[in-house]
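See structure below.
The values are calculated or read from the model by the stated rules, or taken from the named source; none is laboratory data. Fair warning: this is a prediction, and the values are worked out from it, not measured in the lab. Cβ sites come from the backbone with ideal geometry, for glycine too, and all protein chains shown count toward neighbours.
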Amino acid sequence: MEKKYTSVFENGLIWFGAGVSIAEILTGTYFAPLGFSKGILAIVIGHVIGCAMLFLAGLIGGRVRKSAMETVKMSFGQKGSLLFSILNILQLVGWTAIMIYDGALAANGAWGIGEWIWCVVIGALIILWILIGIKNLGKVNTVAMAALFVLTVILSFVIFSGGVVHSTGGEGMTFGAAVELSVAMPLSWLPLISDYTREAKSPVRATAASAVVYGLVSCWMYIIGMGAAIFTEESDIAQIMVKAGLGIAGLLIIVFSTVTTTFLDAYSAGVSSESVFSKIKGKWVAVGAAVIGIVGAITLPLYDITDFLYLIGSVFAPMIAIQIADFFILKKDSEKKQFSIPNLIIWAVGFALYRLLMRVDIIVGSTLPDMAITILICIAADKIINLIKNR
């Protein structure tokens with residue numbers, strides 16, 4: 001039976017759905033104290049950095065036809081990669097809970113039938129998406145994305161048509177911190193983009209389309225959130241929709257944007273689990289991740305995700321930096337090893353460096369310098385190890 005690959009268009013649709021997100025709109029509200037022009041600049045710079053890394057991460061998996069966590073074995077070894085697979089599963093289950101929580105909170109603001117009920121409804125739809133399967137979502141995704149596109153355009157018009165800039169007040173963030181918060185969202189997708197590009201018929205084009213579409217849509221969501229805070233003095237997106245009279249249309253934006261984004265997190269939790277436990281069926285782990293996400297959304301306080309985003313950055317930025325160095329520069333493959341000790345040590349250094357850089361206000365944020373230094377350490381370590389071997 002011939003293997004079914006996804007088209008460039010289908011990959012673009014998947015990442016359009018990933019970008020249209022209530023969590024991204026809410027994160028965008030934090031940029032309001034910078035003002036509209038500086039806020040947009042920070043959002044764009046951060047997304048250019050983050051999506052460049054997203055493209056490189058997706059290209060590795062697309063070229064070797066392996067899932068994100070399978071590609072990690074190429075740099076860290078069979079057992080060394082387990083650390084990142086486990087951390088990735090945990091962050092994906094965490095994201096699933098956060099996204100369901102944000103979606104339910106917003107949906108309940110538009111139609112107050114109870115937050116826990118919305119958690120169950122949104123979670124059930126995510127499970128339905130998982131059961132349909134990534135390769136069978138074509139027509140369903142096309143219809144859902146077309147509806148989301150139209151409704152998001154309407155939402156944008158509602159927010160920006162007033163044109164009156166209000167004082168945002170409150171404690172602001174530095175430009176560098178804003179850039180890093182902008183980098184953080186595309187960075188959170190690094191450990192899973194290959195789960196989708198590995199299935200692409202044209203890996204380079206599909207990866208480029210995925211990164212560009214996600215980058216543009218994510219910027220749009222951030223700007224909607226920032227614009228909501230600046231132009232309407234309202235950070236509750238549900239209330240903006242209610243005041244604008246969007247009614248059922250606003251509710252559809254909230255529910256389906258949450259489902260199409262969170263589906264990717266739960267699905268990839270399943271794919272990552274296959275790297276840890278080869279006999280487990282990924283689809284049912286994905287369903288389990290959605291169920292845990294529903295429970296977490298109902299029971300846990302998940303209102304502020306900034307620390308979570310920075311933690312993801314500190315774990316996965318040095319990881320992907322090492323992968324980029326090995327795959328594109330050093331042409332090195334450690335998959336046959338159990339552990340790549342040098343790379344695990346370099347990752348630990350990169351992790352610590354990221355946490356230190358967070359204390360310094362750098363205009364381009366922490367991710368770019370951390371990854372650049374980690375790549376340089378990789379190259380230097382490789383040269384030193386080769387010199388010792390050849391003595």
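Quick look at the values:
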{"item": "Qualifying residue in the stretch 242-258 (condition: surrounded by 23 or more Cβ atoms within 10 Å (Cβ to Cβ) and of a type in the set (Ser, Thr, Tyr))", "result": "yes"}
{"item": "Residue match in the stretch 274-282 (condition: part of a helix (DSSP H, G or I), under 16 Å from the mean Cα position of the chain (by Cα) and among the hydrophobic types (A, V, I, L, M, F, W, C))", "result": "no"}
{"item": "Evaluation of Asp370 against (1) acidic (Asp, Glu); (2) surrounded by 18 or more Cβ atoms within 10 Å (Cβ to Cβ); (3) at pLDDT below 95 (one fails), failing number", "result": "(3)"}
{"item": "Exclusive hit being under 21 Å from Tyr214 (Cβ atoms), β-branched (Val, Ile, Thr) and over 15 Å from the mean Cα position of the chain (by Cα), set Ile98, Ile40, Ile86", "result": "Ile40"}
{"item": "Options Asp326, Asp307, Asp333; residue that is within 19 Å of Leu105 (Cβ to Cβ) and of a type outside the set (Val, Ile, Thr)", "result": "Asp307"}
{"item": "Helices (runs of 4 or more DSSP H) wholly inside the stretch 58-154 containing at least 1 residues that are surrounded by fewer than 17 Cβ atoms within 10 Å (Cβ to Cβ) and among the β-branched types (Val, Ile, Thr)", "result": "82-110, 115-132"}
{"item": "Any chance Phe316 is modelled with pLDDT under 95, buried (at least 24 other Cβ atoms within 10 Å of the Cβ), in a helix (DSSP H, G or I) and not aliphatic (A, V, I, L, M)", "result": "yes"}
{"item": "The stretch 2-38, residues that are outside any helix (DSSP H, G or I) and either buried (at least 17 other Cβ atoms within 10 Å of the Cβ) or not polar (S, T, N, Q) (or both)", "result": "Glu2, Lys3, Lys4, Tyr5, Thr6, Val20, Ser21, Gly35"}
{"item": "Residue count, the stretch 304-335 (criterion: over 20 Å from Leu87 (Cβ atoms) and without any contact (Cβ under 8 Å) to a residue 40 or more places away in the chain)", "result": "2"}
{"item": "Test: residue in the stretch 183-199 that is at pLDDT 85 or above, more than 30 Å from Asp236 (Cα to Cα), surrounded by fewer than 16 Cβ atoms within 10 Å (Cβ to Cβ) and in contact with a strand residue (DSSP E or B) (Cβ under 8 Å, 6 or more places away or on another chain)", "result": "no"}
{"item": "Contacts under 6 angstrom Cβ, first residue in the stretch 364-387 being within 20 Å of Gly50 (Cα to Cα), partner outside any helix (DSSP H, G or I), 6 or more apart", "result": "Ser366/Met358"}
{"item": "Conditions (1) within 26 Å of Thr262 (Cβ to Cβ); (2) surrounded by 20 or more Cβ atoms within 10 Å (Cβ to Cβ); (3) aromatic (Phe, Trp, Tyr): number failed by Phe327", "result": "(1)"}
